[in-house]
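Student: One structure, pasted below without further comment.
What follows is calculated from the coordinates using simple rules that are stated; it is not laboratory data. Everything numeric in this text was worked out from a predicted model, so none of it was measured. As a convention, Cβ positions derive from the backbone with ideal geometry for all residues, glycine included, and neighbour counts pool all protein chains shown.
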Amino acid sequence: EPEVTQTPSHQVTQMGQEVILRCVPISNHLYFYWYRQILGQKVEFLVSFYNNEISEKSEIFDDQFSVERPDGSNFTLKIRSTKLEDSAMYFCASRARTGVPYEQYFGPGTRLTVT
Amino acid sequence: KNEVEQSPQNLTAQEGEFITINCSYSVGISALHWLQQHPGGGIVSLFMLSSGKKKHGRLIATINIQEKHSSLHITASHPRDSAVYICAGDMYSGGGADGLTFGKGTHLIIQP
């Protein structure tokens with residue numbers, strides 16, 4: 001069964017460093033998402049991406065964040081200058097189309113620890 | 001802005017019990033997702049529904065659009081059902097790719 005994959009599974013970085021989280025969505029999917037979950041809190045929407053551009057973004061997704069689909073298969077989330085509060089689990093998701101019955105499929109997550 | 005509320009936040013039950021987790025949301029949605037999150041953190045989609053009822057094995061999900069309420073039921077619960085169950089509202093608007101709005105989750109423990 002096709003699945004969304006994410007690398008790395010765990011990333012440790014120092015405050016102020018740039019990090020790139022990578023995702024490979026399911027191959028025939030058109031919509032891509034990044035979510036984050038701070039430890040002990042609910043999952044929060046960051047950004048959605050369609051047709052090679054950002055479709056929607058939350059207030060969390062400020063100028064420190066950017067997304068890219070560089071080669072038609074990978075979908076990346078870049079944090080330019082990490083802060084302690086960026087420590088969280090980051091989930092990528094993809095869906096074939098919007099609407100019922102098109103579910104979102106989640107990757108296993110990348111745990112980002114900023115020290 | 002859609003708010004999603006779940007209850008209870010924590011639920012401990014004995015193996016075999018019938019489990020109900022409730023979800024309510026504040027504005028109209030296009031679909032409601034039920035998700036399962038295990039201790040390792042991964043999220044698995046259980047159901048996506050926009051009306052009525054869906055069943056998969058021992059899991060049943062219902063939604064009442066007029067009352068903005070959904071329930072997830074687990075029949076004959078088993079310790080392997082122990083996980084965090086999350087409901088999430090889908091605000092997709094046809095052309096858009098809105099992200100899901102998540103509830104805080106219900107931490108379910110089934111004791112043998």
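Student: Give me, ordered by chain and number, the residues 5 or more places off A:Ser55 or on other chains with an amide H under 5 Å from its own placed amide H.
Tutor: Excluding prolines and chain starts, which carry no amide H, the hits are A:Ser48, A:Phe49, A:Tyr50.
Student: Then there is this: Using a/c under 1.5 as the rounded threshold, could you call the protein assembly as shown rounded, prolate or oblate? The axes a ≥ b ≥ c are square roots of the C-alpha gyration tensor eigenvalues, and prolate needs a/b larger than b/c, oblate otherwise.
Tutor: Here the protein assembly as shown falls in the prolate category.
Student: Need the full-extension length gain, A:Ser73 to A:Val24, defined as separation in residues times 0.36 nm minus the C-alpha distance. One decimal, nm.
Tutor: Using 0.36 nm per residue and subtracting the Cα-Cα distance, I get 17.0 nm.
Student: Answer rounded, prolate or oblate for chain A, using the Cα gyration tensor with square roots of eigenvalues a ≥ b ≥ c: rounded when a/c is under 1.5, else prolate when a/b is larger than b/c, else oblate.
Tutor: Prolate.
Student: Give the range of the longest stretch in chain B that excludes all trypsin sites (Lys or Arg not before Pro) found in loop regions by DSSP and having at most 15 other beta-carbon atoms within 10 Å.
Tutor: With a cap of 15 other Cβ atoms within 10 Å, the longest stretch comes to B:2-57.
Student: Out of the GluC sites (Glu not before Pro) in segment A:1-49, which ones are loop residues according to DSSP with at most 14 other C-beta atoms within 10 Å?
Tutor: Counting only loop positions with at most 14 other Cβ atoms within 10 Å, the GluC sites (Glu not before Pro) in segment A:1-49 are A:Glu3, A:Glu18.
Student: Would you give the gap between the C-alpha center of segment B:34-65 and the C-alpha center of segment A:47-115, rounded to a whole Å?
Tutor: Distance between centres, Cα-based: 23 Å.
Student: In the Gaussian network model of chain B, springs joining C-alpha atoms below 10 Å, which of B:His38, B:His73, B:His56 carries the largest mean-square fluctuation?
Tutor: It is B:His56.
Student: Let me ask you something else. Checking the cross-link filter: which aspartates and glutamates have an alpha carbon closer than 17 Å to that of A:Lys83, excluding same-chain neighbours under 8 positions apart?
Tutor: List returned: A:Glu18, A:Glu59, A:Asp62, A:Asp63.
Student: On a 28 Å Cα-Cα criterion, which of the cross-link pairs A:Lys42/A:Lys78; A:Lys57/B:Lys53; A:Lys78/B:Lys55; A:Lys78/B:Lys53; A:Lys78/B:Lys104; A:Lys42/B:Lys68 come out too long?
Tutor: Table pairs above 28 Å Cα-Cα are A:Lys57/B:Lys53; A:Lys78/B:Lys55; A:Lys78/B:Lys53.
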